[in-house]
Amino acid sequence: MVQTASDGQAKLIDRILPILTRRPGRTFILPLLGGATGLALALANLFTPVAPPVTVVPAGYAALVNGRPILMNDFITQAEKLSNVPFSQTTVAQKRQVLHDMIDEELLVQRALALDLPEQSDEVRMELVNSLTSIVFAQRPPTQSDLVAYFNANRSNYLGDGQMRFRDIVLHVGSYQDVDQTIGQAQADATEAVYQLRAGTPLDAVMEHFGFVDSGHTSGEDEFDFAVKLHIGQALFNVASKLTDGEISDPVRASDGIHVIVMEHRQPPQPATYEAKREAVYSDYLQAAQRKAEQDNLKFLRANAKILIASGQSD
Amino acid sequence: MPVFSHRLLIALAACTLLGGAAAVWERWSTDRRDNQILSLAPEDVLRRPDLVSFAIAEAKPVYRARCASCHGADLKGNVRTGAPDLSDSVWLYDTDSVTAIERTLLYGIRSRQPKARNVAEMPAFGLRGLLTPAEIGDAVQYVLALSKRPNLAEAAVAGRQIFLGKGMCYDCHGPDGSGSPDYGAPNLTVNVWNNGGDQNTIYHNIYYGLAHVCPAWYGVIPLERIRALAIWLHSISHAAPAAVASARAIKSS
């Protein structure tokens with residue numbers, strides 16, 4: 001039996017028709033739902049307020065530059081500042097010039113932001129960081145007790161400069177005087193020299209016997225600590241500053257040989273009083289407070305930031 | 001019964017309509033006048049009594065909500081916090097124009113806002129060791145002399161040397177002590193004291209310095225309310241004769 005196309009269509013209709021005719025309402029439900037949804041969307045769109053393009057400068061503003069306002073008060077203040085007369089007495093030309101300049105500045109600022117200048121210029125980055133720091137730093141005026149407490153906690157920062165007069169002799173290891181001398185031998189000689197000096201042997205005799213020479217870093221007169229530090233370096237200064245009058249240091253190994261320091265006169269740094277250092281204490285206190293404010297701000301920013309660090313790197 | 005209900009409904013609807021219309025009218029009228037006080041130059045608003053009255057009515061609730069906690073509900077300030085008396089005719093910063101008052105309201109004083117008034121502060125002369133206690137004592141006597149109050153003449157002469165020399169007080173307060181509105185340095189000759197004017201307080205303020213803060217209200221209070229506040233404060237200060245303000249200050253100090 002051959003099945004014709006018309007037979008197939010008839011069968012299809014026979015299958016669909018009962019479905020459509022079983023619930024007559026269903027035929028309209030879906031189209032109605034679709035229509036209603038579309039209508040609702042259209043209405044919602046129609047009645048949703050859309051920000052209209054700004055064509056009028058709102059009251060209270062002197063201009064809008066790409067939507068960013070220039071406040072009338074800023075304009076008036078600037079005009080008065082530049083013309084040195086009340087705003088009502090400024091000329092039209094002066095007002096025009098001021099507004100022109102303010103618009104120019106706003107345009108340049110906007111351009112700088114568009115170019116992401118903070119990302120491009122180290123100077124701008126630094127300026128932004130400094131500006132933020134000064135804005136964040138809430139400068140609560142310190143009280144006397146704040147300052148005294150800070151001074152007491154940092155007394156070592158407020159010592160007066162000490163002075164010293166000393167001899168710095170050095171044994172150049174393997175010098176022309178004894179080219180075969182090893183470091184170990186030189187160390188032993190220096191230890192023996194120190195022993196003899198402490199026993200009362202004159203310095204010149206010891207120097208001659210062991211081959212010490214004057215380092216040439218001392219003036220032979222009283223010198224302030226800061227000057228000594230510059231002349232002989234931090235390591236030797238640390239040794240020298242602990243010696244008292246007539247005391248002789250242990251041998252100190254340095255890049256140019258083995259040094260021995262003979263202290264002739266030592267005046268240790270005197271602790272300064274709060275009264276003598278209050279200006280410095282005040283300034284240091286504010287700096288410390290500012291550093292703390294910076295740290296607190298960074299702590300807050302880090303806690304609220306999403307920072308990803310590449311593998312192999314650390315923060 | 002149905003007829004009564006019907007009439008009641010009509011009456012209710014009419015009342016609702018009238019009330020709605022009144023509310024819309026009030027809102028429209030307020031917006032129009034807000035727009036007017038902002039559109040005119042600040043000083044020009046003062047020439048429109050209707051707008052000044054409107055501004056005063058608008059400003060008072062804002063003052064109560066934002067300013068009264070420091071400056072007091074009566075605008076008389078607070079010597080303990082250094083909040084100035086806003087009812088007198090003495091201003092710290094700038095000229096006493098509406099624009100200047102508005103600027104202080106917009107950006108504040110030492111408010112951390114970049115445009116805030118923050119040129120200088122009163123240094124802590126004693127704390128920093130810039131002046132000795134004795135020198136501060138002399139300076140206090142000179143300040144008393146400047147404001148024409150009883151003082152120790154000999155100490156005041158020495159204080160004058162401090163004022164014009166080592167203390168460099170003249171740099172902000174001017175050689176004659178008349179202050180500088182650019183720095184917010186008070187006029188020391190008018191006997192108006194934001195922080196109290198007795199000897200001990202003056203000594204304390206020279207010793208520890210001063211750096212009070214007024215918040216910036218731009219972006220917090222609508223622009224038209226800030227303008228209204230400025231107009232109100234200006235009108236108050238100009239209603240108060242300087243002599244009255246001075247007398248009040250003497251009384252309070």
Starting from the stretch A:131-159, keep only residues that are at negative phi and surrounded by 15 or more Cβ atoms within 10 Å (Cβ to Cβ), then list their pairs with residues that are of a type in the set (Ser, Thr, Tyr) and at pLDDT 85 or above whose Cβ atoms are within a distance under 6 Å, requiring at least 6 positions of separation or different chains. A:PRO142/A:TYR285; A:LEU147/A:TYR285; A:TYR150/A:TYR285; A:PHE151/A:TYR274
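Are any residues in the stretch B:139-152 assigned to a helix (DSSP H, G or I) and either touching a Phe, Trp or Tyr at 6+ places or on another chain (Cβ under 9 Å) or modelled with pLDDT under 95 (or both), and if so, which ones?
Result: B:ALA139, B:VAL140, B:TYR142, B:VAL143, B:LEU146.
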Which one of the conditions (1) surrounded by fewer than 11 Cβ atoms within 10 Å (Cβ to Cβ); (2) on the phi < 0 side of the Ramachandran plot does A:GLY220 fail to meet, given that it meets all the rest? (2)
Test B:GLY77 against the stated conditions and say whether it is at pLDDT below 90, surrounded by 17 or more Cβ atoms within 10 Å (Cβ to Cβ) and at positive phi. no
Only unsatisfied item for A:THR77, checking (1) hydroxyl-bearing (Ser, Thr, Tyr); (2) over 27 Å from B:LEU46 (Cβ atoms); (3) at pLDDT 90 or above, is (2)
Enumeration of residues in the stretch B:182-218 that are within 14 Å of chain A (Cβ to nearest Cβ), in a loop (DSSP other than H, G, I, E, B) and modelled with pLDDT of 90 or more: B:ASN195, B:GLY209, B:PRO215, B:ALA216, B:TRP217
Scanning the stretch B:155-174 for residues that are part of a loop (DSSP other than H, G, I, E, B), surrounded by fewer than 20 Cβ atoms within 10 Å (Cβ to Cβ) and under 25 Å from the mean Cα position of the chain (by Cα) gives B:GLY174
Return yes when A:ASP256 is in contact with a strand residue (DSSP E or B) (Cβ under 8 Å, 6 or more places away or on another chain), at pLDDT 90 or above and in the same structural domain as A:LEU171 (by TED's automatic domain parsing) and no when it is not. no
Collect the residues in the stretch A:265-288 that are closer than 18 Å to A:ASP161 by Cβ and either of a type in the set (S, T, N, Q) or touching a strand residue (DSSP E or B) at 6+ places or on another chain (Cβ under 8 Å) (or both), keeping them in residue-number order. A:HIS265, A:ARG266, A:GLN267, A:PRO269, A:GLN270, A:PRO271, A:ALA272, A:THR273
Given A:GLN110, A:GLN89, A:GLN97, which one is farther than 30 Å from B:ASP44 by Cβ, at pLDDT 90 or above and not assigned by TED's automatic domain parsing to the domain that holds A:GLU294? A:GLN110
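Residues checked against (1) under 24 Å from B:ASP182 (Cβ atoms); (2) touching a Gly at 6+ places or on another chain (Cβ under 7 Å); (3) in a helix (DSSP H, G or I); (4) in the same structural domain as B:LEU188 (by TED's automatic domain parsing):
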{"position": "B:ASN35", "(1), (2), (3), (4)": "no, no, yes, no"}
{"position": "B:ALA59", "(1), (2), (3), (4)": "no, no, yes, no"}
{"position": "B:LYS76", "(1), (2), (3), (4)": "no, no, no, no"}
{"position": "B:GLU102", "(1), (2), (3), (4)": "yes, no, yes, no"}
{"position": "B:SER111", "(1), (2), (3), (4)": "yes, no, no, no"}
Please state which one of B:ARG33, B:ARG47 is in contact with a Phe, Trp or Tyr (Cβ under 6 Å, 6 or more places away or on another chain) and within 14 Å of chain A (Cβ to nearest Cβ). B:ARG33
Any chance you could count how many residues in the stretch B:104-138 are within 9 Å of chain A (Cβ to nearest Cβ), within 15 Å of B:CYS169 (Cα to Cα) and in contact with a strand residue (DSSP E or B) (Cβ under 8 Å, 6 or more places away or on another chain)? 1
Could you pull out the residue among B:ALA120, B:ALA68 that is closer than 30 Å to A:ASP74 by Cβ, touching a Phe, Trp or Tyr at 6+ places or on another chain (Cβ under 9 Å) and surrounded by fewer than 19 Cβ atoms within 10 Å (Cβ to Cβ)? B:ALA120
Check the stretch A:112-128 and report whether any residue there is within 14 Å of chain B (Cβ to nearest Cβ), of a type in the set (Val, Ile, Thr) and either in a helix (DSSP H, G or I) or surrounded by 15 or more Cβ atoms within 10 Å (Cβ to Cβ) (or both). no
I need a count of the residues in the stretch A:271-293 that are away from chain B (no Cβ under 14 Å) and either in a helix (DSSP H, G or I) or at pLDDT 90 or above (or both). 3
Quick check: anything in the stretch B:91-98 over 23 Å from B:PRO222 (Cβ atoms), outside any helix (DSSP H, G or I) and more than 13 Å from chain A (Cβ to nearest Cβ)? yes
Helices (runs of 4 or more DSSP H) wholly in the stretch A:188-249 with at least 2 residues that are in contact (Cβ under 8 Å) with a residue 60 or more places away in the chain - which ones? A:225-232, A:234-240
Number of the condition not met by A:GLY233 [criteria: (1) at pLDDT 90 or above; (2) at negative phi]: (2)
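The values are calculated or read from the model by the stated rules, or taken from the named source; none is laboratory data. Everything quoted here is computed from the prediction, not taken from an experiment. With ideal geometry, Cβ positions are generated from the backbone for all residues, glycine too; neighbour counts draw on all protein chains shown.
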